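Asker: Take a look at this one; I'll ask things after.
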Amino acid sequence: MRSRSITQDHEILEIIRHCQWCHLAMVDSGGNPYVIPMNFGFRDNILYMHGAKHGKKISILHQNPSVCVNFSTDHALRYQNEDVACSWSMKYRSVLVYGKAVFITEPEEKIAALKIVMAQYKEKEFTFNPPSIREVNVWKIIVEKTEGRAFGY
């Protein structure tokens with residue numbers, strides 16, 4: 001079984017929609033990588049995320065907005081021969097998204113972005129109170145490039 005590239009937009013979108021979380025990769029001012037799991041929303045080739053007002057990821061994103069985001073799903077352990085270690089592998093489908101984080105500051109735009117995040121998890125209309133909107137950082141990542149791979153699918 002070989003891995004294959006995924007280039008079709010509909011298949012990339014299907015993988016992203018199927019994920020419950022992603023991993024946000026950044027590089028700090030010292031050149032050190034930093035990766036964390038995140039909730040997200042995705043619409044019209046824009047990825048939306050949110051987090052605390054202050055912290056390590058926020059500091060990094062302000063210093064260096066370039067990011068890579070990993071989506072990975074449909075994992076299944078498989079083997080050709082149970083007794084041969086090299087015949088074991090993992091089936092998967094994954095997508096990498098590259099772009100730059102842009103912070104959203106307008107309350108109405110934050111609410112619209114947070115509705116997209118919530119829609120990733122539940123089709124329901126949500127309300128947001130002003131203190132919560134004031135105390136959250138919301139950012140978008142306009143997709144500049146994607147790479148997709150699948151193994152076993």
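The values are calculated or read from the model by the stated rules, or taken from the named source; none is laboratory data. What you see is a predicted model; the values in this text were computed from it and never measured. Here the Cβ is made from the backbone with ideal geometry for all residues, glycine too, and neighbour counts use every protein chain on show.
Asker: From I133, I116, I111, which residue is part of a helix (DSSP H, G or I), under 13 Å from H50 (Cβ atoms) and without any contact (Cβ under 8 Å) to a residue 24 or more places away in the chain? Steps first, please.
Answerer: Numbers: I133 fails: without any contact (Cβ under 8 Å) to a residue 24 or more places away in the chain; I116 fails: without any contact (Cβ under 8 Å) to a residue 24 or more places away in the chain.
Answer to the check: I111.
Asker: Could you figure out which of (1) closer than 16 Å to R43 by Cα; (2) free of Cβ contacts under 8 Å to residues at least 24 places away in the same chain isn't true of A101?
Answerer: (2)
Asker: Any chance you could count how many residues in segment 119-130 are free of Cβ contacts under 8 Å to residues at least 12 places away in the same chain and more than 18 Å from the chain's Cα centre (by Cα)? Talk me through it step by step, then tell me what you get.
Answerer: Restricting attention to segment 119-130, the residues satisfying the condition of being free of Cβ contacts under 8 Å to residues at least 12 places away in the same chain are 122-125, 127, 129.
Subsequent filtering for residues that are more than 18 Å from the chain's Cα centre (by Cα) retains 123-125, 127, 129.
Total meeting the criteria: 5.
Asker: Specify the residue that is farthest from V67 (Cα to Cα); the eligible residues are those in segment 94-153 that are in contact with a Ser or Thr (Cβ under 7 Å, 6 or more places away or on another chain) and of a type in the set (A, V, I, L, M). Working first, answer last.
Answerer: Residues of segment 94-153 that are in contact with a Ser or Thr (Cβ under 7 Å, 6 or more places away or on another chain), as a first pass: 94-97, 100, 148-151.
With of a type in the set (A, V, I, L, M) added as a condition, the list becomes 95-97, 150.
Values: V95: 14, L96: 10, V97: 8, A150: 22 Å.
So the residue we want is A150.
Results for (1) surrounded by 18 or more Cβ atoms within 10 Å (Cβ to Cβ); (2) among the aliphatic types (A, V, I, L, M); (3) at pLDDT below 95; (4) in contact with a strand residue (DSSP E or B) (Cβ under 7 Å, 6 or more places away or on another chain), shown as yes or no for each residue.
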| site | (1), (2), (3), (4) |
| --- | --- |
| D28 | no, no, no, yes |
| P37 | no, no, no, yes |
| N70 | no, no, no, yes |
| V84 | no, yes, yes, no |
| L114 | yes, yes, no, yes |
| K122 | no, no, yes, no |
